[in-house]
Amino acid sequence: MSNIFYVGIDLGTSRTSVATSTGKRITTRTCVGYPKDIISKKRFGKDYLLGDYALDNRLGLNIVWPLAEGVIRESEKSLEATGLILRHIIAEAIPDKKESDKIYAGIGVPAQASLNNKRAIIDVTTDYIDKILIVSEPFAVAYSIDRFDETLIVDIGGGTTDLCRMHGSIPEKEDQITLKIAGNFLDDVISKAILEKFPDVQLTPRIVRRIKEKYGYVSEVSEPVVVTLTQNGIPAEYDITDILRESCLKLTNPICEAIQKLVGTFDPDFQEKLRNNIIIAGGGSRLKGIDRAVEKSLRDYGGGNAATVQDAEYCGSIGALKMCMEMPEEYWEKKSRATQAENRSNRF
Ligand SMILES: Nc1ncnc2c1ncn2[C@@H]1O[C@H](COP(=O)(O)OP(=O)(O)OP(=O)(O)O)[C@@H](O)[C@H]1O
Ligand SMILES: [Mg+2]
């Protein structure tokens, strides 16, 4: 007898997370490392390494981050890398899968991902996913917490910030905004700002990300943020309190403007309810003070109420899982290219 396994996948620019109907939760960085030369290939004994394992060994590898701004980059290597990540994470999540078993997957993509990108995902997974549902990331977040009434979801990821207005039915195009301003953008801003003030310090993307995740804030006040950085290998302490706040505001200000836009263009009878039900998700929801910063930005609009999700890491994949366990047949993607043109894939 064959079994059906349901899998919810949040395919993110920086992280990919999976939740399954068997209760498994797995997350990995969305990257693949290919050995640089014959020596590194000999050392690793593999054609590629995945996720954190690849990053821990990055000096011997060419690291490919296949997604940018939430969508698969247009290159053969990126398609291949996306396929490898998804294949391995599903195999790890469903270790007991038999040949005759079926995998039905829901995969989250940015609210405004193109049809081409959705097709690319279907194509790279065709060998190991039997049925696929492509869902908008913020809608998956809403689904995971059962919020279908007037609620504004703000999913701050690595490559994109996705906003989606819920109003009791499937959101339309005008209910969704995708901004290319998210965690990676903030890393760049912080890195440039530190180097402008301290031109000779040594920074890597990992150092900057760690500083941001540990100390980043958009509240009015903060304890002094003093970090140890090196200059020619010599460590010293640097005060980056103001740099960090000013940089983080460059992320939150455009997000607050997008929130105001979605509130301001909503049915006036329900604007108040929307303003008071703002849910912030994604890794960026962990930025200290972000809920209060959003509330403050809505003061001129009559105020508002914002909360961050409990489980920033898995709420997208759990929502995608719930959706694929509940969706009727007509919402699933057709796998053949010919029928895809008529497909209703833009619905979520
Ligand atoms: N405590 C924190 N403070 C600020 N940012 C954080 C914190 N923790 C994680 N992040 C950032 O959140 C981002 C990752 O979020 P998430 O995992 O939701 O992204 P993603 O789903 O991979 O990306 P996308 O949805 O854009 O494709 C990274 O930029 C990460 O540095
Ligand atoms: Mg995401």
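The values are calculated or read from the model by the stated rules, or taken from the named source; none is laboratory data. What you see is a predicted model, and the numbers here were worked out from it, not measured in a lab. Every residue, glycine as well, gets a Cβ built from its backbone with ideal geometry; the counts of neighbours run over all protein chains shown. Only protein heavy atoms, including side chains, enter the accessible area calculation; ligands, DNA and RNA are left aside. Shrake-Rupley method; radii C 1.70, N 1.55, O 1.52, S 1.80 Å.
Structure values in brief
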quantity	calculated
Qualifying residue in region 107-130 (condition: more than 13 Å from LEU11 (Cβ to Cβ), touching a residue at least 40 places away in the same chain (Cβ under 8 Å), open to solvent by less than 50 Å² (accessible area, probe 1.4 Å) and more than 16 Å from ligand 1 (Cβ to nearest atom))	yes
Number of the exception - ALA293 against (1) assigned to a helix (DSSP H, G or I); (2) under 20 Å from the mean Cα position of the chain (by Cα)	(2)
Residue within region 209-218 that is open to solvent by 20 Å² or more (accessible area, probe 1.4 Å) and more than 11 Å from ligand 1 (Cβ to nearest atom) present	no
Residue list for region 297-328, restricted to those being surrounded by fewer than 18 Cβ atoms within 10 Å (Cβ to Cβ), in a helix (DSSP H, G or I) and either under 23 Å from the mean Cα position of the chain (by Cα) or free of Cβ contacts under 8 Å to residues at least 12 places away in the same chain (or both)	ARG299, ASP300, MET325, GLU326
Hey, ILE255 among the hydrophobic types (A, V, I, L, M, F, W, C), out of contact with any Pro (no Cβ under 7 Å at 6 or more places or on another chain), open to solvent by less than 70 Å² (accessible area, probe 1.4 Å) and under 23 Å from GLU137 (Cβ atoms) or not	yes
Condition check for ARG286: surrounded by fewer than 19 Cβ atoms within 10 Å (Cβ to Cβ), within 16 Å of ligand 2 (Cβ to nearest atom) and of a type in the set (Lys, Arg)	yes
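Yes or no, residue by residue, for (1) buried (at least 21 other Cβ atoms within 10 Å of the Cβ); (2) without any contact (Cβ under 8 Å) to a residue 40 or more places away in the chain; (3) within 15 Å of ligand 1 (Cβ to nearest atom):
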{"residue": "GLY45", "(1), (2), (3)": "no, yes, no"}
{"residue": "GLY51", "(1), (2), (3)": "no, yes, yes"}
{"residue": "GLY70", "(1), (2), (3)": "yes, no, yes"}
{"residue": "SER78", "(1), (2), (3)": "no, yes, yes"}
{"residue": "PHE139", "(1), (2), (3)": "yes, no, yes"}
